[in-house]
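The values are calculated or read from the model by the stated rules, or taken from the named source; none is laboratory data. The structure displayed is predicted, hence computed values, not measured ones. Please note: Cβ atoms are built from the backbone with ideal geometry, for glycine as well, and neighbour counts cover all protein chains shown. Just the protein is used for accessible areas: all its heavy atoms, side chains included, with ligands, DNA and RNA removed. Shrake-Rupley method; radii C 1.70, N 1.55, O 1.52, S 1.80 Å.
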Amino acid sequence: MQVQGFRKDVYVERLWLQKYEEGGHYSYHFDYSGDIRSHGKGRISSFMVFLNGEEDVDAVSDGDGSEPLQGGGTHFPYIAMPDDRSWCKVLDCDVGKDREGVTFLPRRGNAVYWENFHPLEGRGFEETLHAGLPVTQGVKYGLNIWSWYQPGYRTAD
């Protein structure tokens, strides 16, 4: 809530843990549904938190810890890749011309944050289309933190 400025009428939804085994993925989607003005409420922001990453070994792989995570990045096809190569610590800079946009690499403790709606127009940002790419080895663990806007919502005092 602090990242978002403790907005009025906003609360954090129930947290969702993710577990993607080899081949596991989540197809392209938006975290919002429609225009916030027509619904009067909606999921206004998203955090995708990586709980493990490519440098970790999968603690549940036959108990021997032999399978490091590979794949499983979060891809945004409509966001341009920055020219600054220092981003390669968190973005997949080795992607060829077969994939447009940016892919955030799963790195333990990192998070991707985005706003889902244009603040003045109320329409969803098309740039937030994203997918969880397939895990090619190991297991990916993540956490979704979504904030919901609902007029009249008040925190308990």
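Some points to look at:
- Helix-derived mean residue ellipticity, 222 nm - over the chain, DSSP H n ≥ 4, -39500 (n - 2.57), to 500: -500 deg cm²/dmol
- The chain - share of DSSP beta bridges that are antiparallel (%, nearest 5): 100 percent
- Between LEU91 and LEU105, the built amide H atoms are under 5 Å apart, and every one of these is 5 or more places off in sequence or on another chain.
- The chain: relative contact order in percent, alpha carbon pairs under 8 Å with at least 6 residues between: 46 percent
- Extension gain for SER38 to VAL112 (0.36 nm times residue separation, less C-alpha to C-alpha distance): 23.9 nm.
- Entry for percent of Cα pairs over 24 Å apart (calculated from the structure that is shown) out of (i) 46; (ii) 24; (iii) 40: (iii)
- With all protein chains in place and a 1.4 Å probe, the accessible surface of the chain carries 53 percent carbon and sulfur.
- Placing pseudo-labels 7 Å out from each Cα toward the beta carbon at TYR153 and ARG14 gives an inter-label distance of 1.4 nm.
- For THR74, the solvent-accessible surface with a 1.4 Å probe is about 10 Å², rounded to the nearest 10.
- Available extension along the chain between GLN70 and CYS93 is 6.8 nm, counting 0.36 nm per residue and deducting the alpha carbon span.
- Highest average packing first - 105-114, 133-142, 14-23, Cβ atoms within 10 Å: 133-142, 105-114, 14-23
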